[in-house]
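The values are calculated or read from the model by the stated rules, or taken from the named source; none is laboratory data. Every value quoted in this text rests on a predicted model; they were computed, and no experiment measured them. Cβ atoms come from the backbone with ideal geometry, glycine included; neighbour counts cover every protein chain shown. For the accessible areas, the whole protein counts, side chains as well, though only heavy atoms, and no ligand, DNA or RNA atoms are used. Shrake-Rupley method; radii C 1.70, N 1.55, O 1.52, S 1.80 Å.
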Amino acid sequence: DHADARDPGPERVIRAIVFDLDNTLTDFMRMKEAAIQAAIDGMIDAGFRKPREELRRRVQAIYDVRGLEFQRVFDELLEHEFGEVDPKILASGVVAYRRARESELVLYPHAQMTLLELAKRGIKLGVVSDAPRFQVWLRLCTLGLQHLFDAVVTFDDTGERKPAAAPFREVLRRLGVEPAEALMIGDWAERDVVGGKSLGMKTVFARYGDTFDTKESGADYDVDDVLELVGIVDQLNGRTPTTGP
């Protein structure tokens with residue numbers, strides 16, 4: 001056995017796939033835009049007398065400073081405007097935001113099918129996200145994905161963001177696989193691809209979720225549709241694609 005361990009032999013099969021969440025499984029930016037617009041309309045309806053575009057700019061300015069996961073964006077907006085929070089306006093904004101978030105947070109086309117096809121092949125599934133733990137679980141539960149993943153690693157689990165090695169190491173530890181047996185897919189080349197590669201994982205760039213106009217991803221594979229992942233895994237694992245059900 002020890003001799004085998006030293007002999008690299010044929011390339012190891014892929015046993016696990018690690019997904020980034022936002023803009024890889026779900027169109028997070030589309031949801032965020034729709035939810036912000038709904039909240040602004042809700043606050044205006046409740047008596048916030050400011051033009052929509054001005055409010056949009058102010059909300060964006062707060063997110064630019066505090067980060068997109070900041071949970072008190074509307075409180076801060078109202079405090080800045082009135083020196084206090086009007087509960088009616090705040091509640092109207094929050095309710096409109098949550099309703100829009102629920103309806104607009106959807107999976108990319110073929111994402112569900114991809115996850116099911118991979119699970120059928122006995123591939124372990126993981127998520128590694130820079131978002132806070134509870135926000136990640138809220139998104140997974142909203143999407144009905146909370147039971148599909150064998151390991152979910154969030155910012156709170158390691159306190160480090162991609163491309164640091166810690167989140168990748170932790171998800172591989174929880175999945176019980178070596179880096180060479182895992183594939184990392186994400187939309188942010190500098191974080192997902194660089195981080196995965198640094199540990200020796202194979203990498204896939206989710207071009208369909210790219211918000212940075214990335215020219216060269218540096219990944220082993222670029223995909224325009226998440227379903228291409230199934231073909232990549234089958235090819236790496238020497239599995240002959242089957243036709244029909």
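Considering segment 130-157 alone, what residues qualify as being surrounded by 18 or more Cβ atoms within 10 Å (Cβ to Cβ) and under 16 Å from residue 182 (Cα atoms)?
Of everything in segment 130-157, those that are surrounded by 18 or more Cβ atoms within 10 Å (Cβ to Cβ) and under 16 Å from residue 182 (Cα atoms) turn out to be 149, 151, 152, 153.
Among strands (runs of 3 or more DSSP E) lying entirely in segment 103-187, which contain 2 or more residues that are touching a residue at least 40 places away in the same chain (Cβ under 8 Å)?
Qualifying strands (runs of 3 or more DSSP E): 124-128, 182-186.
Whether any residue in segment 236-244 is assigned to a helix (DSSP H, G or I) and either among the aromatic types (Phe, Trp, Tyr) or surrounded by fewer than 20 Cβ atoms within 10 Å (Cβ to Cβ) (or both) is what I want to check.
Yes, the conditions are met somewhere in segment 236-244.
Please tell me if residue 58 is at pLDDT 95 or above and of a type in the set (Lys, Arg).
When the stated conditions are applied, residue 58 passes them.
Would you check if residue 49 is more than 30 Å from residue 226 (Cα to Cα), assigned to a helix (DSSP H, G or I) and either open to solvent by 60 Å² or more (accessible area, probe 1.4 Å) or among the hydroxyl-bearing types (Ser, Thr, Tyr) (or both)?
Against the criterion (more than 30 Å from residue 226 (Cα to Cα), assigned to a helix (DSSP H, G or I) and either open to solvent by 60 Å² or more (accessible area, probe 1.4 Å) or among the hydroxyl-bearing types (Ser, Thr, Tyr) (or both)), residue 49 does not qualify.
Could you say which residue among 65, 94, 85 is modelled with pLDDT of 95 or more, in contact with a helix residue (DSSP H, G or I) (Cβ under 9 Å, 6 or more places away or on another chain) and of a type outside the set (S, T, N, Q)?
None of the other options fit; the residue is 94.
For segment 158-202, what are the residues that are under 17 Å from the mean Cα position of the chain (by Cα), hydrophobic (A, V, I, L, M, F, W, C) and open to solvent by 40 Å² or more (accessible area, probe 1.4 Å)?
188, 194
So which of 180, 151 is out of contact with any Leu (no Cβ under 6 Å at 6 or more places or on another chain), modelled with pLDDT of 95 or more and not hydroxyl-bearing (Ser, Thr, Tyr)?
180
If residue 106 satisfies all but one of (1) under 16 Å from the mean Cα position of the chain (by Cα); (2) buried (at least 17 other Cβ atoms within 10 Å of the Cβ), what's the number of the condition it fails?
Only one criterion in (1) under 16 Å from the mean Cα position of the chain (by Cα); (2) buried (at least 17 other Cβ atoms within 10 Å of the Cβ) is unmet by residue 106, namely (2).
If you check every pair at least six apart or on different chains, which have Cβ atoms under 7 Å apart with a residue in segment 210-225 that is at positive phi and surrounded by 13 or more Cβ atoms within 10 Å (Cβ to Cβ) first and a residue that is of a type in the set (Gly, Ala, Ser) and at pLDDT 95 or above second?
218/189
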